[in-house]
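To start, the structure itself, in structure tokens.
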Amino acid sequence: LKPLPQRRTTDFTEIVVPVTRTGGFLVKSIFYSAPSQLIGQRLRVHLYDDRVEAFLGGTLVVSHPRARGRGDGHRVHVINYHHVIHALRRKPQALWSSIYRDSLFPRTEYAEAWKVLQRDLPRRDACRRMVDLLFIAHEQACEVELAYLLAADLDAGLVPDPKALASRLAPRHMALPADVTVVHPALDSFDALLGASA
């Protein structure tokens, strides 16, 4: 047998990258989003064949599917809307001209909703409604359920309305049953019961 190698081989490449002011980091010319609290930090990024994992110290703080560059030279963006939703809530109009807007939507139903909103509503209202939809998905952890409701509304020819959709997602309030009156038997009735069984 040959001696063991000095360093264990791994299935990833490690690089160190800074998180920029725009809330992300570059790996092989591809922009990956990161939570805003990591801006200014240096992350150790493990670059796998199918994913990118970023660590702050020994803690995993960001994970994305790995993207590949395009041949036309345009920068590819991998965005997790959870990382940017609070900034968008403060400035919803930024959605209109965002360079990574199309990478922001977590499912195709959200992208289809955006097409309908920008077609049927003024710019200001379209941006606000889309950001509200993403915020509902983020805040209530109902991304998939909301996508189903969006698809149903779009199929019915309706313009997505965040307030109406949020009310359909809210749990139903159930009325509590009325208090039940319990009548306790007299203790001597147990004596009579035991005497009868003896």
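The values are calculated or read from the model by the stated rules, or taken from the named source; none is laboratory data. Computed from a prediction, not measured in an experiment: that's the story for all the values here. For neighbour counting, all protein chains shown are included, and Cβ atoms are generated from backbone atoms with ideal geometry for every residue, glycine included. Just the protein is used for accessible areas: all its heavy atoms, side chains included, with ligands, DNA and RNA removed. Shrake-Rupley method; radii C 1.70, N 1.55, O 1.52, S 1.80 Å.
Key figures for this structure:
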quantity: Criterion: at pLDDT below 90 and polar (S, T, N, Q) - qualifying residue of Ser29, Ser63; calculated: Ser29
quantity: Qualifying residue in region 146-156 (condition: at pLDDT 90 or above, under 26 Å from Ala34 (Cα atoms) and surrounded by 13 or more Cβ atoms within 10 Å (Cβ to Cβ)); calculated: yes
quantity: Subset of region 92-110 [in a helix (DSSP H, G or I) and either open to solvent by 50 Å² or more (accessible area, probe 1.4 Å) or at pLDDT below 95 (or both)]; calculated: Ala94, Leu95, Trp96, Ser97, Arg101, Asp102, Ser103, Leu104, Thr108
quantity: Subset of region 52-91 that is among the charged types (D, E, K, R) and surrounded by 16 or more Cβ atoms within 10 Å (Cβ to Cβ) - its residue that is nearest to Glu139 (Cα to Cα); calculated: Glu53
